[in-house]
1. Can you list the helices (runs of 4 or more DSSP H) found entirely within the stretch 12-53 that contain at least 3 residues being aliphatic (A, V, I, L, M) and within 23 Å of P108 (Cβ to Cβ)?
2. Please work out which one of (1) in contact (Cβ under 8 Å) with a residue 60 or more places away in the chain; (2) not in a strand (DSSP E or B) is the condition V281 fails and give its number.
3. Residue check: is D183 part of a strand (DSSP E or B) and either over 21 Å from G74 (Cβ atoms) or of a type in the set (G, A, S) (or both)?
4. Just checking, how many residues over the stretch 188-237 are in a loop (DSSP other than H, G, I, E, B) and among the hydrophobic types (A, V, I, L, M, F, W, C)?
5. Between residues in the stretch 92-110 that are closer than 18 Å to S22 by Cα and residues that are among the small types (G, A, S), which pairs lie under 6 Å by C-beta distance while being six or more apart or on different chains?
6. Identify all residues within the stretch 323-334 that are within 14 Å of R240 (Cα to Cα), open to solvent by less than 80 Å² (accessible area, probe 1.4 Å) and outside any strand (DSSP E or B); write none if there are none.
7. Among Q87, Q96, which is assigned to a loop (DSSP other than H, G, I, E, B), in contact with a helix residue (DSSP H, G or I) (Cβ under 9 Å, 6 or more places away or on another chain) and on the phi < 0 side of the Ramachandran plot?
8. Any chance the stretch 7-14 includes a residue that's open to solvent by less than 50 Å² (accessible area, probe 1.4 Å) and modelled with pLDDT under 95?
Amino acid sequence: MKALIDWSKTHFDHLPWRKKRSLYRTLVSEIMLQQTTVSTVLNHFEKFIQRYPDLKTLAKASQEEICVAWKGLGYYRRARNLLKAAQFMVEHTGGQIPGAYEELIQIPGIGDYTASALTAMGRDERALCVDANIERVTCRLYGIKVEKGPRLSKEIKKRFEDQRIYRDFHLYSPRDFNEALMDLGRVICQAKRVDCTLCPLTLQCASSQNDPLALPTVSKKEVESFELDLVRCLIRKGNRILVYKKEEHHWLFGQYELPTFILRSQDVSLTQYPPWKGGAVKAGLKLKSQITKYKIINHVIEISGEKARRLYRGHGKLLYKECSQDENLSGITFKILKNWKKNRAGE
């Protein structure tokens with residue numbers, strides 16, 4: 001394990017949340033890193049910290065302000081969870097991040113993984129942070145043949161607590177140990193590509209001489225996917241555009257989006273957009289996008305504000321917003337505006 005930790009420190013100690021440590025920076029970085037690549041977080045972490053340097057500053061922000069600052073990181077629920085946690089701690093713990101895992105797990109917005117990360121990486125105390133990388137590395141290293149999912153995560157934690165895996169954990173810094181395993185999974189022992197010749201743990205690995213990619217085992221259930229055609233209506237008034245605010249049960253809750261309608265959907269249960277009843281569609285621009293299980297073709301048209309309001313009546317409030325990065329516009333809205341401008345310039 002020492003060789004792995006030395007490798008990790010040599011190559012990745014420059015990461016800003018490791019270079020200048022604090023519990024708050026650990027909290028922000030770990031929530032950002034969930035379901036997001038290190039390279040993406042590197043582009044946003046310091047800017048976010050400059051804007052919200054501590055829990056008290058963060059707790060004063062609105063959901064909309066946090067989502068604007070989070071733009072580019074995706075999965076905005078994490079931003080709202082971070083805000084919930086900050087507001088709770090300012091109100092109930094004097095703006096301090098608690099030390100005990102049992103206290104951390106009770107804070108709204110903080111789950112098992114984040115509590116473990118604050119314990120191990122934040123306080124350098126005993127905990128195994130079972131993210132996707134550590135789960136995969138551990139599975140291959142010990143040949144654990146439990147199907148990927150909650151059962152596997154639970155099995156790894158149980159084996160760790162029973163000291164059936166990582167028996168030398170106590171010899172090293174919990175922070176260094178966890179970060180080294182994460183780096184290994186992120187760089188060398190990836191989900192679809194491995195390089196055992198570069199791995200410092202090859203000689204100890206139960207899978208290196210067989211097929212490491214066979215673990216962890218994955219359910220062969222077919223992933224459901226739907227094609228979806230949406231009509232996006234672009235209505236401009238100077239530097240402002242007509243939008244509506246996404247509701248709590250919608251994708252991208254809290255963001256603003258162009259008036260949107262379903263033109264065609266393979267998923268008959270999808271109801272967050274009204275059906276298009278505006279006649280034949282002659283799109284001025286077509287863009288592809290994807291969200292959750294939907295492969296989307298966006299048909300962008302220009303119509304009058306009066307027609308948009310008539311078609312959208314009964315489905316929500318339409319209002320004008322500035323075309324600015326400071327507004328909480330959805331990613332697809334920005335993409336449409338950028339490509340519409342390019343499309344018009346090329347005509």
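1. In the stretch 12-53, the matching helices (runs of 4 or more DSSP H) lie at 23-33.
2. If we test V281 against (1) in contact (Cβ under 8 Å) with a residue 60 or more places away in the chain; (2) not in a strand (DSSP E or B), just (1) comes out false.
3. no
4. Qualifying residue count, the stretch 188-237: 12.
5. From the stretch 92-110, the pairs are Y101/A115; L104/A115; I110/A85.
6. The answer is C323, S324, E327, N328, T333, F334.
7. One residue alone meets the criteria, Q96.
8. Yes, the stretch 7-14 contains a residue that is open to solvent by less than 50 Å² (accessible area, probe 1.4 Å) and modelled with pLDDT under 95.
The values are calculated or read from the model by the stated rules, or taken from the named source; none is laboratory data. Everything quoted here is computed from the prediction, not taken from an experiment. Note that each Cβ is placed from the backbone with ideal geometry, even for glycine, and that neighbours are counted across all protein chains shown. The accessibility values were calculated without ligands, DNA or RNA, using every heavy atom of the protein model including side chains. Shrake-Rupley method; radii C 1.70, N 1.55, O 1.52, S 1.80 Å.
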